[in-house]
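Participant: This structure is in structure tokens; I'll ask about it shortly.
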Amino acid sequence: MEVKPGTLSLMILTTLDVLGPLHGYGIARRIEETSRGRLTLNYGTLYPALVKLEQEGFISAEWGQSENNRRAKYYSLTKAGRSELARETREWHETASLIAAFLTPRREA
Amino acid sequence: MRRIRIALARVAGMYTRDRGADDVREELESHLEMATAENVRRGMAPAEARRQALLAAGGMMQAAEAVRDRRGLPWLENAAGDARYAVRALRRNPGFAAAVVGVLAVGIGANAAVFGVTDAVLLRPLPFSQAERLVHVWPERFLAQREVTLLRERARALEEVGSYSPGWLMSLTGVDEPEQLNAARVSGNFFELLGARPALGRVFGMAAEAPGAEPVAVLDWRLWRTKFGADTALVGRTIQLEGGPVLVVGVMPREFQFMDNATQLWLPLAMDREAMSWAGGITQGVARLAPGVTPATATQELRALTERARAEYGVGAEYGRDADVVALRESLLGGTRPMLIAVLAAVGLVLLIATVNVANLLLVRATDRRVELAVRAALGATRGRIARQLLTESLVLGVVGGALGILLAVAGLALLRGLLPPETPRLAEIAVDGRMLAFALVLTIGVTALFGSLPSLAAARQSIVGRLRQDRSVAGHRPARRALVTVEVALALVLLAGAVLMLRTVQALNDVDPGFRSDRVLTMRLQQSMSEPDAARAYWREVMDRLAALPGVEVVGTVLHLPMSGRKWQAPVEVDGRPLPAGVEPPRTAWQVVGGDYFDVIGTPLLRGRRLDGRDHFEAPRTMVVNEAFARLVFPGEDPLARRVRAGNATGTEWFTIVGVVGSVRHDSLTAPPPPEIYVSIEQRLVGSNSVAMRTTGDPLTLAAPVRDVIWSIDADIPISQVQSLDQLVARSTAARRFVLMLLGAFALIAIVLGVVGIWGVVAFTVRQRTRELGLRMALGSSPAAAVRLVMTEGVLFALVGIVIGGLASLAVGRVLAGLLWGVAPVDATTLVAAPAALLAVASLAAWLPARRAARLDPATVLRE
């Protein structure tokens, strides 16, 4: 299953919020695991999204050492990213409950 | 805010792209390694682990590309790439690039230059405050102080009335080289009326008009620079004018000129307030309309006022019937409009032809590049992408052509300024400015869009396969190119027809018999004070006697107004013994004052009776000579000799007897029929200002200095002005037409050259494309001549269609030029035959030259290829 447009940035932000600074591979793994294998992320989807979030100032990037001593680029949430996450989460809940209300079968009186 | 931040980040990303690329590759590589390690941990063999990781991650290259696009601004980078590619492609084909850029530069440059002139002269508001309310009062007439005062006091339609009296010649002394300056005397409110501010110092006001006020002067920018070295300290100092000190109070800005281009300084006009003369006016009336008043309303009021003045002051019954108020803009620019509009229309056609020509060149090129474009398409370039590439190429050409065009326009503007008739109003305002440059820019963009879109559209329409097959029988863009040749020829014909019409006009003007001979005549205007009539008469006699004795002078005379001088005084005619019935308007005549052998100087023949001579002195019976036009008007079928005539200010209340009839002279212009004129002797009707005219044995202008010396040796205080030959005076009256002829001729030539290039190109192309077919025909027995005919048809046929269309269009040319044509009908048979015939001959030649190649083809060689 492909990632729905607009949802990826929310997933990335949540991942970084929960796990702290993380490299691209780690983010991809986490998203795939959380979706229980329903989502697959390839490079072409993930990395442009990371660049975009960086340009928007929601995440920052820094080269560092990985757990098994590899050089990797670590992304972490910025202050603006945190408030963006809160905003997007709220919006998502609202949209979801709205859509759910439409989709729930209800008998008309 | 967020958008701006992203945009900035992306622009910055373009610069750091190379570094960023390594960065991305490293990041992706580390991702891959981590995924591989994970797979190994799960028990895969290392090679298999990496393969699986790659599969899961997707294409590395595409990802890097996607990140790169996200980082920078891909469309801008593409455009930059296109531009680089375009420049490279054009440099491979410098002949083509030079042709396109050259044609564009000429088209844009010529148009921007002509626009610069038209804008400065016709379009921009006059450089005075609230210029739309300024009017010329009674432009046909020089007003007397009495009339100006009357208008100031009574005309409610006119908020303020001022006077402007040009052409006062004054000696400037106390400088290295004493000089005669051309001054305008103006009322004290003149500058305020116009809202004109000085560049330096101040202007003068009403106080300067008062009797006994200190004499002051405001200088023209050019005079200040050339004569006084742009010395700012000059303001506040005095200069010597006519031997007396005059305080310089200010300098006007460079672009300030009013009504003429000759005025070098402005002085207060202290008119003789007691002068009651209603005819001896010396000043032009200029006024500001009251708010909301139109010139038409002001005209009505002016006529009502002059009607009252007739009764109050007992002036003649004809006084003021022709009085009118004309918008200053109209009065100043009305005469120049037809000339500039004709030139503007012509230069617009040149631009159209240039655009068509460039489009044609681009089509040829697109045809030559079919294979290249097809390969690009086959490799995955979309049609839009190829169209964009072609458009970028056009844009590069347009930008270079436009830039060169602007340089040409700057040079062309200077050239035009020199070529324009010297009387062209607002000449001083013509300068390179932002409006002209903006116009050139808009032209560049418009023209580029026009010619640039054509090849892109054509390229986008073709199929890859057809193009790759390189099928020579499928000629590239042939219909489009044929149509373009037709358009070019049609436009060139329109220009050529215009040029021929102007040529016939100027020829007709040269053939006009003006009623006088203008060659070898030197003229100049003298102003004499007239305060003692006896002395004044003696003065004019002495001037003529002394000049007649000067070596190189054949014969001398004086006249009130020279032909073509633009000046003419008129009066109503009364004939003794022929009272006019009540309510009938008397006929009007121009009147002249002549002295010496004026008729011999200008070569006007005596038809009947005798000339005025020594017999017609001050105390002798009053006499006059009339011209043929007058005799026909006033005495049709009768003998005018010995009849007695009165004519307003020419004669006063005395009856003058007609003693002779002379030939008529075209006084107003070469194009206007000769007006009726009467001539009285300077002995019997003294005037202060006269032109001296003398027939010389050689070049008249070489005598100017000795003549001036003679005149000043009689009286050094006499101002001399308008030193010129009669030929120059006549030439000035045709200057506007010759200017239009010159430009139309030049533009027509450019158009024809471009048209020839177009036809040549089409035929040469046809020969190339149909080589095999021609070879086959010749192998089957067709003659070389037939082959030439076949390909020539390609050029001539479509030129012929253009000639028919252009011929029809040129029927309308006469209407655009209507105000300028003379002696030739707007729809002129000769023009309609000669211009197309000439163009057809040129077109045939242009087709024949490349077509000859077809005759030289060797069928054997061609077919073997």
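Participant: For B:Thr623, indicate whether it is of a type in the set (Val, Ile, Thr) and modelled with pLDDT under 95. Reasoning before the result, please.
Facilitator: Details: of a type in the set (Val, Ile, Thr): yes; modelled with pLDDT under 95: no.
When the stated conditions are applied, B:Thr623 does not pass them.
Participant: Taking the range B:121-151, which residues are of a type in the set (D, E, K, R), at pLDDT below 85 and assigned to a loop (DSSP other than H, G, I, E, B)?
Facilitator: Selection gives B:Glu140, B:Arg141.
Participant: Condition test on B:Ala785, is it part of a helix (DSSP H, G or I), surrounded by fewer than 16 Cβ atoms within 10 Å (Cβ to Cβ) and of a type in the set (Gly, Ala, Ser)?
Facilitator: Details: part of a helix (DSSP H, G or I): yes; surrounded by fewer than 16 Cβ atoms within 10 Å (Cβ to Cβ): yes; of a type in the set (Gly, Ala, Ser): yes.
When the stated conditions are applied, B:Ala785 passes them.
Participant: Next question. Mind listing whichever residues of the range A:67-83 are at negative phi, more than 10 Å from chain B (Cβ to nearest Cβ) and either acidic (Asp, Glu) or not in a helix (DSSP H, G or I) (or both)?
Facilitator: Of all residues in the range A:67-83, those at negative phi come to A:67-68, A:70-83.
Imposing the further condition that a residue be more than 10 Å from chain B (Cβ to nearest Cβ) reduces the set to A:74-79, A:81-83.
Listed by number, the residues that qualify are A:Tyr74, A:Tyr75, A:Ser76, A:Leu77, A:Thr78.
Participant: Another question about this same structure. Can we say B:Val186 is surrounded by 14 or more Cβ atoms within 10 Å (Cβ to Cβ), at pLDDT 90 or above and farther than 18 Å from B:Val161 by Cβ?
Facilitator: Values: surrounded by 14 or more Cβ atoms within 10 Å (Cβ to Cβ): yes; at pLDDT 90 or above: yes; farther than 18 Å from B:Val161 by Cβ: no.
Criteria not met by B:Val186.
Participant: Against the definition (closer than 24 Å to B:Pro94 by Cβ and of a type in the set (Gly, Ala, Ser)), how does B:Ala366 come out, yes or no?
Facilitator: On the way: closer than 24 Å to B:Pro94 by Cβ: yes; of a type in the set (Gly, Ala, Ser): yes.
So B:Ala366 passes the test.
Participant: Conditions: (1) without any contact (Cβ under 8 Å) to a residue 40 or more places away in the chain; (2) within 13 Å of chain B (Cβ to nearest Cβ); (3) assigned to a helix (DSSP H, G or I). A:Ser60 meets all but one. Number of the miss?
Facilitator: With respect to (1) without any contact (Cβ under 8 Å) to a residue 40 or more places away in the chain; (2) within 13 Å of chain B (Cβ to nearest Cβ); (3) assigned to a helix (DSSP H, G or I), A:Ser60 is out only on (3).
Participant: May I pose another question? Report, by residue number, each residue of the range B:497-542 that is surrounded by 14 or more Cβ atoms within 10 Å (Cβ to Cβ) and under 26 Å from B:Ala345 (Cα atoms).
Facilitator: B:Ala497, B:Gly498, B:Ala499, B:Val500, B:Leu501, B:Met502, B:Leu503, B:Arg504, B:Thr505, B:Val506, B:Ala508, B:Leu509
Participant: Within the range B:375-384, count every residue that is within 49 Å of the chain's Cα centre (by Cα) and in contact (Cβ under 8 Å) with a residue 60 or more places away in the chain.
Facilitator: Residues of the range B:375-384 within 49 Å of the chain's Cα centre (by Cα): B:382-384.
In the following step, the residues that additionally are in contact (Cβ under 8 Å) with a residue 60 or more places away in the chain were identified as B:383-384.
Number of matching residues: 2.
Okay, residues lined up against (1) outside any helix (DSSP H, G or I); (2) in contact with a Cys (Cβ under 9 Å, 6 or more places away or on another chain); (3) buried (at least 21 other Cβ atoms within 10 Å of the Cβ):
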{"site": "B:Gly348", "(1), (2), (3)": "no, no, no"}
{"site": "B:Gly380", "(1), (2), (3)": "yes, no, no"}
{"site": "B:Arg385", "(1), (2), (3)": "no, no, no"}
{"site": "B:Ser394", "(1), (2), (3)": "no, no, yes"}
{"site": "B:Leu437", "(1), (2), (3)": "no, no, no"}
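Participant: Now a separate question. Based on what the data block shows, is B:Ser165 among the hydroxyl-bearing types (Ser, Thr, Tyr), touching a Ser or Thr at 6+ places or on another chain (Cβ under 7 Å) and at pLDDT below 90? Give the derivation first.
Facilitator: Working: among the hydroxyl-bearing types (Ser, Thr, Tyr): yes; touching a Ser or Thr at 6+ places or on another chain (Cβ under 7 Å): yes; at pLDDT below 90: yes.
The answer is yes for B:Ser165.
Participant: I've got another one for you. Looking at the range B:190-226, which of its residues are surrounded by 21 or more Cβ atoms within 10 Å (Cβ to Cβ) and over 17 Å from B:Ser165 (Cβ atoms)?
Facilitator: If the condition is that a residue be surrounded by 21 or more Cβ atoms within 10 Å (Cβ to Cβ) and over 17 Å from B:Ser165 (Cβ atoms), then B:Leu219, B:Trp224 are the ones that fit.
Participant: Residues of the range B:671-712 being part of a loop (DSSP other than H, G, I, E, B) and farther than 24 Å from B:Arg646 by Cα, which ones?
Facilitator: Going through the range B:671-712, the residues part of a loop (DSSP other than H, G, I, E, B) turn out to be B:671-676, B:682-688, B:697-699.
Across the range B:671-712, the qualifying residues are B:Thr671, B:Ala672, B:Thr697, B:Gly698, B:Asp699.
Participant: Consider only pairs whose beta carbons are under 7 Å apart and that are at least six residues apart or on different chains; among these, list those whose first residue lies in the range B:2-19 and is at the interface with another protein chain (Cβ under 9 Å from one of its Cβ atoms) and part of a helix (DSSP H, G or I) and whose second residue is at pLDDT below 75 and surrounded by 13 or more Cβ atoms within 10 Å (Cβ to Cβ).
Facilitator: Listed by first residue and then by second, the contacts come to B:Arg10/B:Arg71; B:Arg10/B:Gly72; B:Arg10/B:Leu73; B:Gly13/B:Gly20; B:Gly13/B:Arg71; B:Gly13/B:Gly72.
Participant: Quick check on the range A:13-32: of everything there that is more than 11 Å from chain B (Cβ to nearest Cβ) and free of Cβ contacts under 8 Å to residues at least 60 places away in the same chain, which residue is surrounded by the most Cβ atoms within 10 Å (Cβ to Cβ)? Outline the logic, then answer.
Facilitator: Of the residues in the range A:13-32, the ones more than 11 Å from chain B (Cβ to nearest Cβ) are A:13-22, A:30-31.
Pick out the ones that are also free of Cβ contacts under 8 Å to residues at least 60 places away in the same chain and you get A:15, A:18-22, A:30-31.
Working: A:Thr15: 20, A:Val18: 11, A:Leu19: 12, A:Gly20: 10, A:Pro21: 15, A:Leu22: 22, A:Arg30: 19, A:Ile31: 19.
It comes out as A:Leu22.
Participant: Please go through the range B:567-624 and give me each residue that is touching a Phe, Trp or Tyr at 6+ places or on another chain (Cβ under 8 Å), β-branched (Val, Ile, Thr) and closer than 20 Å to B:Leu526 by Cα, ordered by number.
Facilitator: Scanning the range B:567-624 gives B:Val593, B:Val594, B:Ile602.
Participant: Which one of B:Ala582, B:Ala647, B:Ala672 is in contact with a Lys or Arg (Cβ under 7 Å, 6 or more places away or on another chain) and farther than 27 Å from B:Val555 by Cα? Even if it seems obvious, please write down each step before you answer.
Facilitator: Numbers: B:Ala582 fails: in contact with a Lys or Arg (Cβ under 7 Å, 6 or more places away or on another chain); B:Ala647 fails: in contact with a Lys or Arg (Cβ under 7 Å, 6 or more places away or on another chain).
Among B:Ala582, B:Ala647, B:Ala672, only B:Ala672 is in contact with a Lys or Arg (Cβ under 7 Å, 6 or more places away or on another chain) and farther than 27 Å from B:Val555 by Cα.
Participant: Now for a different question. Quick one: which of B:Ala366, B:Ala342, B:Ala354 is buried (at least 18 other Cβ atoms within 10 Å of the Cβ), at pLDDT 90 or above and within 15 Å of B:Gly452 (Cβ to Cβ)? Don't jump to the end; show me each part of the working.
Facilitator: Numbers: B:Ala366 fails: at pLDDT 90 or above; B:Ala342 fails: within 15 Å of B:Gly452 (Cβ to Cβ).
Result: B:Ala354 is the single residue among B:Ala366, B:Ala342, B:Ala354 that is buried (at least 18 other Cβ atoms within 10 Å of the Cβ), at pLDDT 90 or above and within 15 Å of B:Gly452 (Cβ to Cβ).
Participant: Return the residue satisfying two criteria in turn: it lies in the range A:33-54 and is in a helix (DSSP H, G or I) and more than 7 Å from chain B (Cβ to nearest Cβ), and of such residues it is surrounded by the most Cβ atoms within 10 Å (Cβ to Cβ). Give the steps one after another, and end with the answer.
Facilitator: Quick first cut of the range A:33-54, residues in a helix (DSSP H, G or I) only: A:33-34, A:43-54.
Pick out the ones that are also more than 7 Å from chain B (Cβ to nearest Cβ) and you get A:33-34, A:45-46, A:49-50, A:53-54.
On the way: A:Glu33: 10, A:Thr34: 14, A:Thr45: 17, A:Leu46: 25, A:Ala49: 20, A:Leu50: 21, A:Leu53: 23, A:Glu54: 18.
The extreme case among them is A:Leu46.
Participant: Separate question: Of all residues in the range B:713-723, how many are surrounded by 13 or more Cβ atoms within 10 Å (Cβ to Cβ), in a loop (DSSP other than H, G, I, E, B) and aliphatic (A, V, I, L, M)?
Facilitator: Result for the range B:713-723: 1.
Participant: Take the residues in the range A:84-99 that are charged (D, E, K, R) and touching a helix residue (DSSP H, G or I) at 6+ places or on another chain (Cβ under 7 Å); name whichever of them is nearest to the other protein chains (Cβ to nearest Cβ). Steps first, answer last, please.
Facilitator: So the first thing to find is which residues in the range A:84-99 are charged (D, E, K, R), and the list is A:84, A:87-88, A:90-91, A:94.
If we keep only those that are touching a helix residue (DSSP H, G or I) at 6+ places or on another chain (Cβ under 7 Å) too, we end up with A:84, A:88.
Details: A:Glu84: 10, A:Glu88: 14 Å.
Filtering first and then ranking leaves A:Glu84.
Participant: While we're here: Scan the range A:90-101 and tell me whether some residue there is surrounded by 10 or more Cβ atoms within 10 Å (Cβ to Cβ) and in contact (Cβ under 8 Å) with a residue 24 or more places away in the chain.
Facilitator: Yes: the range A:90-101 contains one or more residues that are surrounded by 10 or more Cβ atoms within 10 Å (Cβ to Cβ) and in contact (Cβ under 8 Å) with a residue 24 or more places away in the chain.
The values are calculated or read from the model by the stated rules, or taken from the named source; none is laboratory data. The structure displayed is predicted, hence computed values, not measured ones. Cβ coordinates were reconstructed from backbone atoms using ideal geometry, including for glycine residues, and neighbour counts include every protein chain displayed.
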